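What follows is a set of notes on a single structure, which appears directly below.
What follows is calculated from the coordinates using simple rules that are stated; it is not laboratory data. The structure displayed is predicted, hence computed values, not measured ones. Reconstructed Cβ throughout: ideal geometry from the backbone, glycine too, with neighbour counts over all protein chains shown.
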Amino acid sequence: MGSLTGAGRQEQQRRTEQIRANLAAVREDIAAAARKADRDPSEITLIAVTKTYPASDVRILAELGVLDVGENRDQEAAPKAEATAGLGLRWHFIGQLQTNKAGSVAGYADFVHSVDRLRLVPALSKGALRYDKELTCLVQVDLGNAEPVDANTARGGVLPGEVPALAEAIAEAPGLNLGGLMAVAPLGADPAPAFARLHELALSLRSTHPSATMISAGMSGDLGEAVAAGATHVRIGSAILGIRR
Ligand SMILES: *Cc1c(COP(=O)(O)O)cnc(C)c1O
């Protein structure tokens, strides 16, 4: 930041105060939802989703103590991770992942929330081994819409019945840890029943894989419902950084 002009420094300060205020409000919402659900707020990890926002915002978040950051596109995440190396960040990959990008994602990510098919498992495993790291992988579950959805409204993930096989493949793959489950609430429907279903699936997974305790659910619009249904990781973008254009 040493090269910033006076105006640049002022802008950076203004942005820091904005993010600080948004962050305080989000933390307050998480704490209130946790209290209401008789949960300890410290059980819930806030992941700041930084997609479309610059590396300078990631630095501000780190200064404010947010070390868990999420991105959904490798092309955007890879350079951002490189630009902020050395800050002790944990990168969460939360978007649909092409098999040919798995190796790149394994280079900077600590968590991949969006494993939605078997073919990704050997690709991620190979990447983790190449970088000599343990990559924590979550199975993304499709909590859909009882009715079939088209490609534009599909939220991704495997059907609940396919969770055990995919989870087992991750658990057995060298270099990969099975973290748990992730989901996005169905569009235009009450998120509460969907998150309750996710919670049930997570408990069932835990009975066979006790260390797979992560439940990644909840975005800016539905974090309260997610926390009520046992989310351990919430993925918050716009409520912290602003509405994406
Ligand atoms: C963008 C995104 C988020 C954050 O959404 P906001 O509504 O901005 O909080 C969370 N999860 C996934 C998978 C996303 O793509």
**Prompt:** Can you tell me how many residues in region 9-41 are of a type in the set (Val, Ile, Thr) and more than 26 Å from residue 113 (Cα to Cα)?
**Reply:** 1
**Prompt:** For region 124-142, what are the residues that are farther than 24 Å from residue 88 by Cβ and either under 18 Å from the mean Cα position of the chain (by Cα) or surrounded by fewer than 19 Cβ atoms within 10 Å (Cβ to Cβ) (or both)?
**Reply:** 126, 139, 140, 141, 142
**Message:** If residue 243 meets every condition in (1) in a loop (DSSP other than H, G, I, E, B); (2) of a type in the set (A, V, I, L, M); (3) more than 14 Å from residue 113 (Cβ to Cβ); (4) away from the ligand (no atom under 16 Å from the Cβ) apart from one, which number is that one?
**Reply:** (4)
**Asked** Within region 187-228, how many residues are under 15 Å from residue 160 (Cβ atoms), of a type outside the set (A, V, I, L, M, F, W, C) and touching a helix residue (DSSP H, G or I) at 6+ places or on another chain (Cβ under 6 Å)?
**Response** 0
**Message:** Can you pull out every residue in region 189-237 that is small (Gly, Ala, Ser), surrounded by 15 or more Cβ atoms within 10 Å (Cβ to Cβ) and either assigned to a loop (DSSP other than H, G, I, E, B) or within 16 Å of the ligand (Cβ to nearest atom) (or both)?
**Reply:** 194, 212, 216, 217, 218, 220, 224, 226, 229, 230, 231, 237
**Request:** Please indicate, with yes or no, whether at least one residue in region 14-34 is of a type in the set (Asp, Glu), under 25 Å from residue 230 (Cβ atoms) and touching a helix residue (DSSP H, G or I) at 6+ places or on another chain (Cβ under 9 Å).
**Result:** yes
**Asked** Quick check: anything in region 42-53 farther than 23 Å from residue 113 by Cβ and surrounded by 12 or more Cβ atoms within 10 Å (Cβ to Cβ)?
**Response** no
**Request:** Might you let me know whether region 152-171 holds any residue that is touching a residue at least 12 places away in the same chain (Cβ under 8 Å), within 16 Å of the ligand (Cβ to nearest atom) and not in a loop (DSSP other than H, G, I, E, B)?
**Result:** yes
**Item:** Selection status of residue 185, within 13 Å of the ligand (Cβ to nearest atom), surrounded by 15 or more Cβ atoms within 10 Å (Cβ to Cβ) and part of a loop (DSSP other than H, G, I, E, B)
**Value:** yes
**Prompt:** Tally time: how many residues in region 1-17 are without any contact (Cβ under 8 Å) to a residue 40 or more places away in the chain and assigned to a helix (DSSP H, G or I)?
**Reply:** 9
**Request:** Identify the residue in region 58-76 that is under 13 Å from the mean Cα position of the chain (by Cα) and buried (at least 20 other Cβ atoms within 10 Å of the Cβ) and, among all such residues, is farthest from residue 25 (Cα to Cα).
**Result:** 72
**Request:** Could you look through region 94-123, keep only residues that are among the small types (Gly, Ala, Ser) and within 16 Å of the ligand (Cβ to nearest atom), and pick out the one that is farthest from the chain's Cα centre (by Cα)?
**Result:** 109
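Are any of the residues in region 70-88 under 19 Å from residue 238 (Cβ atoms) and in a strand (DSSP E or B)?
The answer is yes, given that some residue of region 70-88 is under 19 Å from residue 238 (Cβ atoms) and in a strand (DSSP E or B).
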**Complete:** In the set 128, 102, 83, the lone residue that is among the hydrophobic types (A, V, I, L, M, F, W, C) and farther than 23 Å from residue 171 by Cβ is 83
